[in-house]
1. Checking the condition under 26 Å from residue 456 (Cβ atoms) and in contact (Cβ under 8 Å) with a residue 40 or more places away in the chain, which residue from 214, 262 passes?
2. Which one of 482, 429 is within 16 Å of the ligand (Cβ to nearest atom) and under 33 Å from the mean Cα position of the chain (by Cα)?
3. Tell me, yes or no, whether region 308-317 has at least one residue that is under 26 Å from residue 221 (Cβ atoms), in contact with a strand residue (DSSP E or B) (Cβ under 6 Å, 6 or more places away or on another chain) and near the ligand (Cβ under 10 Å from one of its atoms).
4. Find all pairs meeting these conditions: Cβ atoms under 7 angstrom apart; at least six residues apart or on different chains; first residue within region 343-366 and under 20 Å from residue 380 (Cα atoms) and touching a residue at least 60 places away in the same chain (Cβ under 8 Å); second residue assigned to a loop (DSSP other than H, G, I, E, B) and within 10 Å of the ligand (Cβ to nearest atom).
5. Checking residue 389 against (1) within 15 Å of the ligand (Cβ to nearest atom); (2) within 24 Å of residue 427 (Cβ to Cβ), which test does it fail?
6. Those residues that are within 16 Å of the ligand (Cβ to nearest atom), in a helix (DSSP H, G or I) and in contact with a strand residue (DSSP E or B) (Cβ under 9 Å, 6 or more places away or on another chain), I need them from region 324-346; list them, please.
7. If only one of 303, 376, 360, 349 is more than 14 Å from the ligand (Cβ to nearest atom), crowded, with 19+ Cβ neighbours inside 10 Å and assigned to a loop (DSSP other than H, G, I, E, B), which one is it?
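Laboratory data are not the source of any read-out in this text; all were calculated from the coordinates shown. For clarity, every value in this text was computed on a predicted model and none was experimentally measured. FYI the Cβ positions are ideal-geometry reconstructions off the backbone, even for glycines, and counts take in every protein chain you see.
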Ligand SMILES: [Zn+2]
């Protein structure tokens, strides 16, 4: 007969197992504490005391944080204890005396400034992400300003070229053009990857900055400029573009442009929803696959906003920016993803620069006709796989047969996917600009098209890159893309026909 409960020896074994597990946890905690202590001491011995404290400096808030014993998970929270002289030295160097590995929602001293994403108007609250001593306890976002440049910020602080207490002087930095506000700004389904109030943050929340000594910075900046491209000078010379003195300024093809730079700000529940995944899975993947860089993704479920260390985007607007959201004015749009080799250095293996220039020229013409022309440039180099992967793929193509039929397979072999740009978040900028329809879409990408239309913004016409602008060596790319579903009014090749499209081989490249 089977026993209905554990016998005495089972219970004994169970207790022994638990005791053993506890012992391992204790040992791990002790090791972790020792490691952090040694890092702190190393830091103190390296930190020169070049920075004299000023009258404005306040004692570090970490001194007010609870002692280890009162924290829910002490080993992870605040670790190193130091002699008072070490602490003084660290503070003189501009850093606090304790390393905070993470925080917890109910922790004493943790009091985030309310941020209610999607609430109407600026009352929603500011995005607060700074870890400066006066702000760290009030943070309501994870990550850091500057996207990928946040690492240079850390380097500047570590090398003492930047004072940790420096605050930006925002005098005269206000946006050079007005935009919005639009109802889309308060729709937490429509804008999840940028802060709709990011261009006005220091001015909207000046009170909070001053009264509570909180560090708040813009994540969007808007300026005006002239730009000059050799291809557009040629457009004017050949008569395709006629200078009007306002958009195209002169015979040299010089253009007047309004530019919007946008850093990524992710509302995590909204990002997860766009990808149809669980927010917890998203948080865990971001935590684990950034080398464990952002533990608050795991410990601070109450914080919903993350400033990821990735590139942002730039909007180049030709003509009056107010026309972008005017449903009675026509709009031409190119969404362009970064390809430095072609865009800047003129590599002819792809169609990127030709399409970018074509997009700019068509945008300028639309603006000259009383509409609006917009080019949006995303920092997603090499389909967001980066240049190293891209060059490995080039090598694999050129050492193989470089057939259009194998084009995507080469990338998949190396990267595991053919594309990581994930256009799902791309349409946010269109909502932010107040765009409700696109008359001419200067792109053949079905992924961009589907993402935009899926966000409820209709596209009335799709415009291909004209044949005469396609470099010979980039036929492999463009034909492979067309067969894979890119838009064309021309011929979509069969797999057999693709086999015959070949690029230049090494022998042709070497000389
Ligand atoms: Zn390219």
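1. Working: 214 fails: under 26 Å from residue 456 (Cβ atoms).
When all the criteria are applied, what remains is 262.
2. 482
3. Checked region 308-317: no residue is under 26 Å from residue 221 (Cβ atoms), in contact with a strand residue (DSSP E or B) (Cβ under 6 Å, 6 or more places away or on another chain) and near the ligand (Cβ under 10 Å from one of its atoms).
4. Within 7 Å, the pairs are 350/339.
5. Unmet condition: (2).
6. So the first thing to find is which residues in region 324-346 are within 16 Å of the ligand (Cβ to nearest atom), and the list is 334-346.
Next cut, in a helix (DSSP H, G or I) only: 340-343.
Result: 343, single match.
7. Working: 376 fails: assigned to a loop (DSSP other than H, G, I, E, B); 360 fails: assigned to a loop (DSSP other than H, G, I, E, B); 349 fails: more than 14 Å from the ligand (Cβ to nearest atom).
When all the criteria are applied, what remains is 303.
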